[in-house]
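The values are calculated or read from the model by the stated rules, or taken from the named source; none is laboratory data. Only a predicted model underlies this, so the values are computations on that prediction, with no experimental measurement involved. So basically every Cβ, Gly included, is an ideal-geometry build from the backbone, and we count neighbours across all protein chains shown. Remember, those area values only see protein heavy atoms, side chains included, never the ligands or the DNA or RNA. Shrake-Rupley method; radii C 1.70, N 1.55, O 1.52, S 1.80 Å.
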Amino acid sequence: MVNDTFGHGTGHSLIRIIAHRLAEASAPHRAFRVGGDELAILADTGDVVPLADRILESLRQPADCGGHVLVPSITIGAAIRSIDDKSGLVMRQNADLALYHGKEDGGRGTLVLYAPELRTRMNRRLRAIDQLRRAIAEERIEARYQPIARLDTGEVLSFEALARIRERDGRIIPAYEFQEAFADARNAAEVTRIMLRAVAADLRLWIDAGIVTGRVAVNLAPADFAHGRLAEDVKTIFAEADAPLDRLTLEVTESVYLGRRDVMVQKQMDALRKLGVKLALDNFGTGYASLTHLLFTPVDTLKIDKSFVDNLTDGSEAGGAAVINGLMRIAEKLGMEVVAEGVESVTQRERLVALGCKLGQGHLFAEALDREAVSLLLRTSPTCLPSTPLPSSLRARRIRRRDRRQAA
C-alpha cells in the first residue's frame, strides 16, 4: 500500500527504518529480512512475550520516510522450537502459521503464539476453501433469499440474497458452515460474481412474471474492492440480464476498509450509488471507527448486528437496548434506515418495536427461501410473514417505558 501510494522509494525507506529498529529492539538476538515486508528473529529465550512487547513498541512509532510520516502496523507470530526439531524448520512453519492466524483472524497489531489448535483451525479452513472451490467449479453455488420485513406487521419489503452450496447428494450447506473459505480472496470475489449473476437473473424472471420483490441485497467482500472495477462489473452483469440496478442493494462490512485506502473504497461506493444501487453497512456496531466511515462514506442502511439483538432478553440486559437506541438515533440523524438482524424470538421483536425499530430479518419470520418459494410468497396479498404478539399489550408498554429509561 505504501509503494502504491507514495512510491517504491518510500516503501524501501520504510523497510530500512523498520529493519534498523528491529535489530536494535531484538538485540542481542539475530534479526533477518525474510522477504517483502516480512522479517524474522531467531531468539535464544523461552519467554518471547517481553521481547515481542519491546519490538511492537519500537516498530509502532511514526517513521519519517523521505518526508512522508508513516505509522507502521506490526503483527508478530511466534513459535518455540521443540527438542526433536533439529533444523528449526517446524518452528519456522509454526511461527508462520501463528502470523497468518493473527493477520486473518483479528490479531493484527499483536503477538500471536503458536498452539496446536491453530494448525487444527488452519486445516479446517483449508478444507473449507477446497470445498468452496470445488462447488464454484461445478456450479453448485445457489442463491437463497431471506425476507426483510416490517417488525410491526410482518409485511415483506425486500430480501437479502445468501449463498448456499448444494452438495452432490442434494444437501444444502448454509454459508456459516463454509464462512472460513472466504478468507481466500479469490473465492470471495468469485462467489460475489456468482451471486450478482443469480440475483440479476432472478430479478428479471420476477419482473417478467409481474412479481414485485422490492430491493434485493448482495453481500460484498473486501476482495471485491481490490481491482477498482466493482461498479463496472456490477453494471455489466445487470445489463447482460436486463435487470434494473435500482432493485439492487450491496452490503459491506467495515472490513472493506482494513488494509485499504478509504479514498479508493469511497470512490467505488460513489460510483455504485450513481448507478442507482443502494448501500448497506452490515454487522453495524461491531467494527472499528464506524462513525468516521459513516461521515466520509455514507450508506443508505445500517444493519444492527445480531449480537445486540441477542441481548434483548426479558429485562435481564440493558446493554442491548441502550446500544440499539443509540445506533438508531445516529441513523435517524444521518437519514439512514435501520434493519435489525437475527430476530429469533417474540421478545426480541416486541422490544425492537418498542424501541422504534421498523425493519428486521431473522428466523422468527422466515428462513432463506429459494426462487420458487419467493415467487409463491410474493403472489399472496398482502405479503406478510407469520404474525406474532406485538407491543400493543400492557406488558409491551412496560417494556417500552423500561427501555427508554435504560437508554437515557
If you check Leu220, Leu203, Leu248, which single one turns out to be at pLDDT 95 or above, crowded, with 19+ Cβ neighbours inside 10 Å and under 19 Å from the mean Cα position of the chain (by Cα)? Leu248
Out of curiosity, is Arg168 among the basic types (Lys, Arg) and over 19 Å from Val374 (Cα atoms)? yes
Can you work out which of the residues in the stretch 22-60 that are among the β-branched types (Val, Ile, Thr) and in a strand (DSSP E or B) is surrounded by the fewest Cβ atoms within 10 Å (Cβ to Cβ)? Val34
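Being in a loop (DSSP other than H, G, I, E, B) and touching a helix residue (DSSP H, G or I) at 6+ places or on another chain (Cβ under 6 Å): is that true of Val343 here? Don't jump to the end; show me each part of the working.
Working: in a loop (DSSP other than H, G, I, E, B): yes; touching a helix residue (DSSP H, G or I) at 6+ places or on another chain (Cβ under 6 Å): yes.
Answer is yes for this residue.
Can you name every residue in the stretch 154-170 that is open to solvent by 60 Å² or more (accessible area, probe 1.4 Å) and part of a loop (DSSP other than H, G, I, E, B)? Reasoning before the result, please.
As a first pass, look at the stretch 154-170 and keep what is open to solvent by 60 Å² or more (accessible area, probe 1.4 Å): 155, 157, 166, 168-169.
If the condition is that a residue be open to solvent by 60 Å² or more (accessible area, probe 1.4 Å) and part of a loop (DSSP other than H, G, I, E, B), then Arg168, Asp169 are the ones that fit.
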Residues in the stretch 347-385 that are open to solvent by 50 Å² or more (accessible area, probe 1.4 Å) and of a type in the set (A, V, I, L, M): how many? 1
Can you list residue pairs whose Cβ atoms sit under 9 Å apart, with the first residue in the stretch 268-279 being free of Cβ contacts under 8 Å to residues at least 60 places away in the same chain and over 18 Å from His227 (Cα atoms) and the second being open to solvent by less than 10 Å² (accessible area, probe 1.4 Å) and of a type outside the set (A, V, I, L, M, F, W, C)? Count only pairs 6 or more apart in sequence or on different chains. Leu279/Glu251; Leu279/Thr297
Collect the residues in the stretch 1-16 that are open to solvent by 40 Å² or more (accessible area, probe 1.4 Å) and under 22 Å from Ala40 (Cβ atoms), keeping them in residue-number order. Met1, Asn3, His12, Ile15, Arg16
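Does Glu139 satisfy being among the acidic types (Asp, Glu), open to solvent by 60 Å² or more (accessible area, probe 1.4 Å) and closer than 30 Å to Arg351 by Cα? Walk me through how you get there before you give the answer.
Details: among the acidic types (Asp, Glu): yes; open to solvent by 60 Å² or more (accessible area, probe 1.4 Å): yes; closer than 30 Å to Arg351 by Cα: no.
Taking the combined requirement at face value, the residue does not satisfy it.
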Which numbered condition Val112 misses (of (1) part of a helix (DSSP H, G or I); (2) open to solvent by less than 80 Å² (accessible area, probe 1.4 Å)): (1)
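Could you tell me whether any residue of the stretch 143-159 is among the acidic types (Asp, Glu) and under 20 Å from Gly342 (Cβ atoms)?
yes
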Name the residue that is farthest from Asp130 (Cα to Cα), counting only residues in the stretch 186-200 that are out of contact with any Phe, Trp or Tyr (no Cβ under 8 Å at 6 or more places or on another chain), crowded, with 16+ Cβ neighbours inside 10 Å and without any contact (Cβ under 8 Å) to a residue 40 or more places away in the chain. Thr192
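Can you go through Ser82, Ser73 and tell me which one is polar (S, T, N, Q) and either closer than 13 Å to Leu111 by Cα or in a strand (DSSP E or B) (or both)?
Result: Ser73 is the single residue among Ser82, Ser73 that is polar (S, T, N, Q) and either closer than 13 Å to Leu111 by Cα or in a strand (DSSP E or B) (or both).
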Total residues in the stretch 171-183, condition in a strand (DSSP E or B) and either open to solvent by less than 20 Å² (accessible area, probe 1.4 Å) or modelled with pLDDT under 90 (or both): 1
Does the stretch 61-70 hold any residues that are touching a residue at least 24 places away in the same chain (Cβ under 8 Å), within 33 Å of the chain's Cα centre (by Cα) and assigned to a loop (DSSP other than H, G, I, E, B), and which are they? Gln61
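Would you pick out the residues in the stretch 1-15 that are part of a helix (DSSP H, G or I) and under 13 Å from Leu70 (Cα atoms)? So that I can check it myself, show each step before the final result.
Kept after step one, since they are part of a helix (DSSP H, G or I), are these residues of the stretch 1-15: 2-6, 8-15.
Residues satisfying the conditions are Val2, Asn3, Thr5, Phe6, Thr10, Gly11, His12, Ser13, Leu14, Ile15.
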Given the conditions (1) within 30 Å of Ile165 (Cα to Cα); (2) touching a strand residue (DSSP E or B) at 6+ places or on another chain (Cβ under 7 Å), and given that Arg119 satisfies all but one, which numbered condition is not satisfied? (2)
Looking only at the stretch 349-405, and only at residues there that are polar (S, T, N, Q) and modelled with pLDDT of 90 or more, the one that is farthest from Ala161 (Cα to Cα): Ser375
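Could you list all residues from the stretch 76-95 that are crowded, with 18+ Cβ neighbours inside 10 Å and either within 30 Å of Thr10 (Cβ to Cβ) or among the basic types (Lys, Arg) (or both)?
Here is the first cut: in the stretch 76-95, the ones crowded, with 18+ Cβ neighbours inside 10 Å are 76-79, 94-95.
Passing the criteria: Ile76, Gly77, Ala78, Ala95.
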